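Working notes for the structure below.
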């Protein structure tokens, strides 16, 4: 077996050194009744060719987004990742390294995390960011708990424009900590007014911008309403590229910003692994979960970096930790920071513009189809269409025609009656005019 | 004249009139190593004898500090926010953690005086 | 003669500035087309201020990250004997498989009819995990080990509440990894510690004394964090079940017994598995991991959404409790779990096969016992008897010196090896926990042993300075962690006026 370097002679010699006659002797503490005497009933070892055939066959049963025109969003976006990124991220010193607990031999990791933290703070308009969480949804739950620790209150208000997975993960976590959550109804028209729900027991209001249905809103008034009541405004960003075009949550008065970083550097990969982002105001730093890379000097006075403020974390604080998070999304954060560094300010803002243009033109095209109505007056690269029939049927019909044409709202919002005709459509810099035309033609045909 | 007493968890309390000042001992700061952060209680907080009152952090550890007597916190030491190293350099002086009212002066009798504390520390080896 | 170089570089080790210190305004490493005109629909909320991101060309970016990578230790470069981390070889075949078109480019919300192969892959992975553990149900969605622990405890709490028997306490050994008590708190439980006995195992009497009808769960790592198999585990399981509680196993050390012992046979009710440990998916400098959790019959109904179902007529994805005929406790993560990590893990499982995995655990245990046998005359092994895949030493061997476990570890670094886990578990003083894994050759182990023996010998001499000043040969020497914590600097800021 190619991954096992020991030969039989090696094993025999080692057993002799240890002073036992067989490896089974080393398992003497295992009760005999549970020690298996042969391999379990699963396939035997296979070489690379066989593994490639097996997994290739599974891949062959799927329709990838690079094979057909695809217009899917809802918190995961198909973007072009520059070629150099995938090579760099697979360098063994990045791919196969451990958490940087021995900083002297992990300066590569620590420096890129410091750069990543800076970039996330800049994008979100906040003062400090952590070194990543699992994904956007779990980041929302962490932010909710963080707001609770800061305000010493137990109630959260969740916007009807929040991604349903983000909502569900937060609601689930709240349930287990006897935390009270109020979820506003799904808000496709972006008309909700959450300020009426805030009282002096509210820890935070959690909104998403652009919202799940696509709208872009000014959160300044909501931010004031929160602060007047001593509550925090938590803003979720599901499409991080939007920060290249839209006013930052920090500029709108957010206290904590969380997000999904998948769009930069990380492929779709059927939903994971993704990249949770978190940033906050400096004064809340000690309540923020997750790892932090901090700058310092070594004994020779040279600048370097270390993991710091570890007393917030589980390995030191145990049951009083800010979170139980240990392993996070290091390599995904690396891909993100590499991609953003490659883009730079000029590239990133242009990328955002390309996305908005693609979506804006697509929306105009599709709205010309009889029976199709564009719901949004504002959006970034994703918008909602109201169709004359159930959106999930339309999506199936489109798939049969070789178009991955949007996601029905009903896939994520269960049992929601009149939302069943709503379709969420995204367009990015990768969608060409030909693809947009093919989508338009196919949609007309299936309606 | 201040009355100074010590707890088994290495807190000291110095009572002058009806104000008690609380901190950790030289021995404790030495055990903890470089202090990086102290979370002091806010004024107005009621604390019980033996109850958690503050948290002191070094790079690799966080330790609870317990109230030696019951009472109400009147002031947390603001200097510790900018300079937590005061706890290392002046644990039994400027590195105090918080001041509080004396709920029940008889609780001081539960604690060790300086001689008893010194003996206690000597036995810890 | 001057000893410092002009730029401070040392041969292949380059002093690389931050990206923010290499900004060329307007520069980009990507050539993106000029955007066309279209209706602006940003609602007047266009970003007005600059973000402040630096601009670099492609060659500069490639050079930046290449130079950074050269300052990192990695499995590809050398052994990582980190206890309970299982830093085994990360095959590149796994990377190739994860990137295949039809896997890497699947959107999570495509119609289920277009991703039948992906759902089948998840089903196959689940089957491997259930078969290897002897458990009937699995939740694939947890994103890492700690997340899997949370999944297990949430299922426990859901099951107890379903029974009308909510309880308030979780028992955890004092040798447990910090994630265990932290997870219990996230689940609304109070934590009580159970001491170890003189043999390094859970004190069964202390456990029995602590079990009562307010205990929801006992969380145990097996093999435990001292590298020992909990030989009274069957009695432990019985005691826990007799008290009406559930038995959680932290599967971080599964590499010691995979293919040889099934946790289901030990009476375990739920166990998380670290795909990035036992199943070779890369650590990536801190993730991503994946922590699927297997469940017993009693907890199976509470598996969270989403999960895959083989309907007999294709695969379905149950995405909400409303769609489920079970009692899922809710959702823990966006989308479906760490799919890219699933592909890598399955690629490894298929490569190793059932026989290979069984051989891997044997070699992992053999390697650990080999280094134990070759070191226990110069280091002080904490517990007698064979260890499992990791061996625990403590700092008694350093007691006549001024060298600490930390100093010893830093000296290992100068000899080109990442140190073992230090100061964990907390049950012995100055712990040194070594896990070589099965992917170390005998030659590699012999070199490792020679290094450690040499250092142990050097420590006994009057050589404190050598250890206190280590490491000397690394890109950075010891860093001031106190200053980093007292005055945290967590991001670059432009100089005043910049």
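No value in this document is a laboratory result; all are computed from the given coordinates. Small disclaimer: the values here were computed from a predicted structure and weren't measured. No Cβ is skipped: glycine too gets one built from the backbone with ideal geometry, and neighbour counts run over all protein chains shown.
Mean 1/r over all different Cα pairs, inverted: what Kirkwood radius does chain C give, in Å?
Evaluated over chain C, this radius sits at 25.4 Å.
Using only alpha carbons, build the gyration tensor for region C:37-88 and give me the equivalent ellipsoid semi-axes, biggest first, whole Å.
43, 18, 10
Mind pulling the angle between the C-alpha long axis of helix A:164-176 and the longest principal axis of chain A? Nearest 10 degrees, somewhere in 0 to 90.
Helix A:164-176 sits at roughly 60 degrees to that axis.
On the Cα set of region C:348-421, report Rg and Dmax in Å, please.
Values for region C:348-421 (Cα only, Rg and Dmax): 15.6, 50 Å.
Quick one: among A:283, A:247, A:38, which has the greatest mean-square fluctuation in a GNM of chain A with alpha-carbon springs under 10 angstrom?
A:38
Over region C:93-348, what is the relative contact order in percent, taking alpha-carbon pairs closer than 8 angstrom and at least six residues apart?
28
How far is it, in nm, from the label point at residue A:227 to the one at residue B:8 when both lie 7 Å from their Cα along the line to the Cβ?
In this crude label model, residue A:227 to residue B:8 measures out at 4.9 nm.
Take every DSSP beta bridge with both residues inside region A:219-294 and express the antiparallel ones as a percent of the total, to the nearest 5.
Antiparallel: roughly 55 percent of the beta bridges in region A:219-294.
Can you grab the distance from the C-alpha centre of region A:273-328 to the C-alpha centre of region C:160-180, Å, no decimals?
27
Of the listed peptides C:387-395, A:404-412, what is their order by residue-averaged count of other C-beta atoms within 10 Å, with the highest listed first?
Taking the mean over residues of other Cβ atoms within 10 Å, the ranking is C:387-395, A:404-412.
For chain A, what relative contact order do you get, as a whole percent, if you take Cα pairs closer than 8 Å and at least 6 residues apart?
Relative contact order of chain A: 20 percent.
On C-alpha positions alone, give me the angle between the axis of helix A:391-400 and the longest principal axis of chain A, in degrees, nearest 10.
For A:391-400 against chain A, the angle is about 60 degrees.
Using 7 Å Cα-to-Cβ label points, what is the residue B:79/residue C:468 separation (nm, one decimal)?
For residue B:79 paired with residue C:468, the spin-label model returns 3.0 nm.
Round to a whole angstrom and tell me the spacing of the C-alpha centers of region A:119-182 and region C:318-388.
Centre-to-centre (Cα) distance: 30 Å.
What percent does the relative contact order of chain C come to when contacts are Cα pairs within less than 8 Å and at least six residues apart?
17
Counting only other chains, what is the mean number of Cβ atoms within 10 angstrom of the Cβ of each residue in peptide C:231-244?
The shielding value for this peptide is 1.
Write down the Kirkwood hydrodynamic radius of the protein assembly as shown, to one decimal in angstroms, obtained as one divided by the mean of 1/r over all alpha carbon pairs.
With all distinct Cα pairs of the protein assembly as shown included, I get 30.1 Å.
Ignore the peptide's own chain and count Cβ atoms of other chains within 10 Å of each Cβ in C:85-97; give me the average, rounded.
Partner-chain Cβ atoms within 10 Å, mean over residues of C:85-97: 4.
Determine the distance separating the Cα centre of region C:1-42 from the Cα centre of region A:7-23; give it in Å without decimals.
What the calculation gives is 54 Å, centre to centre.
Note the direction-averaged projected area, equal to a quarter of the hull surface, for the Cα convex hull of chain A, in nm².
For chain A, the mean projected area of the Cα convex hull comes to 27.8 nm².
Give me B:8, B:99 ranked fewest to most by other Cβ atoms within 10 Å of their Cβ, as a rough exposure proxy.
Listed from fewest to most nearby Cβ atoms, that is B:8, B:99.
Counting only other chains, and only Cβ atoms inside 10 Å, what mean value do you get across the residues of A:8-19?
4
For chain A, set up a GNM with springs between Cα atoms under 10 Å and report which of A:294, A:272, A:60 has the largest fluctuation.
A:60
When the scattering of chain B is computed by the Debye formula from its Cα atoms alone, each counted once and equally, what is log10 I(q)/I(0) at q = 0.09, 0.10, 0.21 Å⁻¹?
Here the Debye-derived log intensity ratios amount to -0.21, -0.27, -1.23.
Helix A:433-446 versus the longest principal axis of chain A: what is the Cα-based angle in degrees, 0 to 90, to the nearest 10?
70
What order do you get for A:77, C:248, A:101 when you list them from fewest to most C-beta neighbours inside 10 Å?
In order of increasing Cβ crowding within 10 Å: A:101, A:77, C:248.
Rg and Dmax of region C:146-260, Cα atoms, in Å?
13.2, 39
Which residue, A:424, A:275, A:26, tops the fluctuation ranking in a GNM of chain A built on C-alpha contacts under 10 Å?
Of A:424, A:275, A:26, the Gaussian network model singles out A:26 as fluctuating most.
Counting only helical runs of four or more DSSP H residues, what would the 222 nm mean residue ellipticity of chain A come to if each run contributes -39,500 (n - 2.57) and the total is spread over all its residues?
When only DSSP H runs of four or more count, the value is -11000 deg cm²/dmol.
What are the semi-axes of the equivalent ellipsoid for region A:36-163, taken as the square roots of 5 times the Cα gyration tensor eigenvalues, largest first, in whole Å?
Each semi-axis is the square root of five times an eigenvalue, giving 36, 24, 21 Å.
Tally the DSSP beta bridges in the protein assembly as shown and give the antiparallel ones as a percent, rounded to 5.
Percentage antiparallel, nearest 5: 70.
Please order C:93, C:7 by the number of other Cβ within 10 Å, starting at the fewest.
Least crowded to most crowded, the residues run C:7, C:93.
Taking the convex hull of the Cα atoms, report for region A:344-446 its projected area averaged over all directions, in nm².
So the mean shadow area of the Cα hull is 6.9 nm².
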